[in-house]
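The values are calculated or read from the model by the stated rules, or taken from the named source; none is laboratory data. Note that the coordinates shown come from a computational prediction; the quantities given were computed from them, not determined experimentally. Virtual Cβ from ideal backbone geometry, glycine too; neighbours counted across all protein chains shown.
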Amino acid sequence: MAAEEHIFREFLETYNRIVEECFNRCVYTFNYRYLLDNEVDCASRCTSRYVNYNQRLAMNFAKIQSKKMIDAQEQAEAQQDPSLMVNTQIADTSKPS
Amino acid sequence: MAELSSNQLQAAGELEIEMMQDLYKRMTTACHKKCVIPRYKDSELSKGESVCIDRCVAKYMEVHDRIGKQLTSMTLQQQPTLQAQQANDPSRVVGSYQ
């Protein structure tokens, strides 16, 4: 439950951030109290693009993090038993291709 | 939809208050940047600035509502796609040799 709440909270924070960013970038005339058509369109495009940006960023971040973890794991295994690396290499070359 | 327990309701209410505060803070910064001219010959707000602030708040809240609706519909749209992805996950087929 705590994890769900954490995700929901993050979603709401992102929502507020989107509103601020897209307002700053899209709304620039204050001659009227209502939103102009171009401002409405700009805001909806801005939202979609921000969401796509977020997804792409998350994907890249996850990729790099997992690669870091794998590298760290391999390093830790090599440090524990350096002879392990040599043995596995010999075992691999003896396998029939 | 499952009924929320009183604890969950309370947590949701607190979360909403927090998000409202965050919204208010951001709106304050945004409208200040847009409407208050950085020329400080006078301590009073000019008429133009006052009108701008009124309209800025109205517009910000409208943008907030519209984007909220758009995000909700986007999330609901993605849910069936996500469920289908989970159903067709190839890693689930492992072990069921036929």
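At a glance:
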read-out: Criterion violated by A:Ser97 - all others in (1) more than 14 Å from chain B (Cβ to nearest Cβ); (2) part of a loop (DSSP other than H, G, I, E, B); (3) at pLDDT 90 or above satisfied; value: (3)
read-out: Those residues of the range A:1-46 which are part of a helix (DSSP H, G or I), in contact with a Lys or Arg (Cβ under 8 Å, 6 or more places away or on another chain) and hydrophobic (A, V, I, L, M, F, W, C), in sequence order; value: A:Val19, A:Phe23, A:Val40, A:Cys42, A:Ala43, A:Cys46
read-out: Enumeration of residues in the range B:51-67 that are under 16 Å from A:Leu12 (Cα atoms) and more than 7 Å from chain A (Cβ to nearest Cβ); value: B:Met61, B:Asp65
read-out: Test: residue in the range B:5-13 that is more than 9 Å from chain A (Cβ to nearest Cβ) and modelled with pLDDT of 95 or more; value: no
read-out: The range B:19-63: number of residues that are closer than 21 Å to A:Glu39 by Cβ and of a type in the set (Gly, Ala, Ser); value: 3
read-out: Hey, A:Arg56 closer than 25 Å to B:Gly48 by Cβ, part of a helix (DSSP H, G or I) and either more than 10 Å from chain B (Cβ to nearest Cβ) or in contact with a Gly (Cβ under 6 Å, 6 or more places away or on another chain) (or both) or not; value: no
